[in-house]
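First up is the structure itself, then whatever we jot down about it.
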Amino acid sequence: MAALLHRWGFSLAGWRDNRRGEWWLAAQLLLLASLLLPAWPAPVALGLTWPLALRLAGAALVLLALLGAARSLLRLGASLTPLPEPMPGAALVTEGPYAHCRHPLYRQILLGAAGMALLLGSLLHLTLLLALAALLGGKARREERSLLALHPGYRAYRASTAAIVPHLPWLDWR
């Protein structure tokens, strides 16, 4: 595990000064962990019965997000790093899920968060979804500044491929 963390570029100094975007990752992990919190307020506390159809739709979205994330992780292969700073020498991946979206893992995180909000009928989880959208939009922009410097073909890829969610200004800045 230590070798993998080192390969990804983690260091104590980086956690102190955010040199590879460690603070973006810390905030992302905190928000993801918060998705495991119970619904607040619970629909029943508001006198509501949350419809089974919405709960099933939410569960389906969470499952689809997990499958999509696994597919994206596998396609990224050796270029994978949880930090927004790409690893030196990492290949630019533009095939599979990356042919339709520059940040499919971020898209899957948002899909899963939307699923949790629907599954639980929770205003807290809806707020977490919005916070994740803001955070992942910023993290992706940070990542892309480095990708532009690292890969000469990234500018053309960016111009033709949605960032996270097509046509949403904060999540697609083509």
Checklist entry - Could you list, in sequence order, the residues of region 28-66 that are aliphatic (A, V, I, L, M) and surrounded by 17 or more Cβ atoms within 10 Å (Cβ to Cβ)? => result 31, 35, 39, 61, 62, 65
Checklist entry - Name the pairs: first residue in region 24-47 and in contact (Cβ under 8 Å) with a residue 60 or more places away in the chain and more than 13 Å from residue 129 (Cα to Cα), second residue in a loop (DSSP other than H, G, I, E, B) and among the aromatic types (Phe, Trp, Tyr), Cβ to Cβ under 8 Å, at least 6 apart or on different chains? => result 43/50
Item to check | residue 102 being touching a Phe, Trp or Tyr at 6+ places or on another chain (Cβ under 9 Å), modelled with pLDDT of 95 or more, within 24 Å of residue 142 (Cβ to Cβ) and among the charged types (D, E, K, R) | outcome: yes
Checklist outcome for this item: Those helices (runs of 4 or more DSSP H) completely within region 1-65 that have 3 or more residues that are within 19 Å of the chain's Cα centre (by Cα) and at negative phi are 22-34
Checklist entry - Looking at this structure, is residue 62 closer than 14 Å to residue 112 by Cβ, among the β-branched types (Val, Ile, Thr) and out of contact with any strand residue (DSSP E or B) (no Cβ under 7 Å at 6 or more places or on another chain)? => result yes
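The values are calculated or read from the model by the stated rules, or taken from the named source; none is laboratory data. Bear in mind the structure is a predicted one, so any value in this text is a computation, not a measurement. Please note: Cβ atoms are built from the backbone with ideal geometry, for glycine as well, and neighbour counts cover all protein chains shown.
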